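K.L.:
Here it is: the structure, laid out below.
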Amino acid sequence: MSDELPDPTPAEGPDPYGNPDPEWLRVDWREHLRTVDVDGTRINYVELGPPPGERAPPAIVFVHGLSGAWTNWLENIPHFARRHRVVALDLPGFGHSPLPEWTITIPAYGRMLLALCDALEIPDCAVVGNSLGGFIAAETAINEP
């Protein structure tokens, strides 16, 4: 038995899935970074989409999972932003959004997400969540279908 490990499988380009020119690498994300104050808590988020007159409703709000950030959605955002207003946030206490003054709970995150939509003038949206973000999305939808 040999102690040598085989060489790792090389990527077929800069994208580990083999796309030599992934769309998300062509986005200047700094142009789309924003912050907003929601009930005394600063929320970091990114927003992309076609010009307002060309947007197809509803907007899409992406909510990351535990230990995540808006960047978890890098590959998804450009695709959906072709037709929809897309917002992906750093939940308070994650990414570049500082810890909130309020006690962190799923219901509190759900209320914050509704307040964020109000602050960004998003009257109707599809909320897409992963892991913890899915739990928050479900909590939000239960309280504000």
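K.L.:
Which one is most open to solvent (accessible area, probe 1.4 Å) among residues in segment 30-53 that are among the charged types (D, E, K, R) and not in a helix (DSSP H, G or I)?
P.N.:
The residue in question is ASP39.
K.L.:
Shifting gears a bit: Taking the stated definitions as given, is ALA137 of a type outside the set (Ser, Thr, Tyr), closer than 23 Å to GLU23 by Cβ and in contact with a Gly (Cβ under 7 Å, 6 or more places away or on another chain)?
P.N.:
No, not satisfied.
K.L.:
Follow-up question, since we're still on this one. Those residues that are under 21 Å from ARG55 (Cα atoms) and either surrounded by fewer than 19 Cβ atoms within 10 Å (Cβ to Cβ) or free of Cβ contacts under 8 Å to residues at least 40 places away in the same chain (or both), I need them from segment 101-121; list them, please.
P.N.:
Correct list: LEU114, ASP118, ALA119, GLU121.
K.L.:
Only one residue in GLY134, GLY65 is in contact (Cβ under 8 Å) with a residue 40 or more places away in the chain and open to solvent by 20 Å² or more (accessible area, probe 1.4 Å), so which one is that?
P.N.:
Answer to the selection: GLY134.
K.L.:
Can you tell me which residues in segment 78-100 are surrounded by 14 or more Cβ atoms within 10 Å (Cβ to Cβ) and more than 22 Å from ALA115 (Cβ to Cβ)?
P.N.:
PRO78, PHE80, ALA81, ARG83
K.L.:
If we keep just the residues of segment 12-29 that are at pLDDT below 65 and surrounded by 12 or more Cβ atoms within 10 Å (Cβ to Cβ), which is nearest to GLU101 (Cα to Cα)?
P.N.:
Within segment 12-29, the match that is nearest to GLU101 (Cα to Cα) is ASP15.
The values are calculated or read from the model by the stated rules, or taken from the named source; none is laboratory data. On a predicted model such as this, the values are computed, not experimentally measured, just so you know. With ideal geometry, Cβ positions are generated from the backbone for all residues, glycine too; neighbour counts draw on all protein chains shown. Ligands, DNA and RNA are stripped out before the accessible areas are found, and what is left, the full protein with its side chains, is counted by its heavy atoms. Shrake-Rupley method; radii C 1.70, N 1.55, O 1.52, S 1.80 Å.
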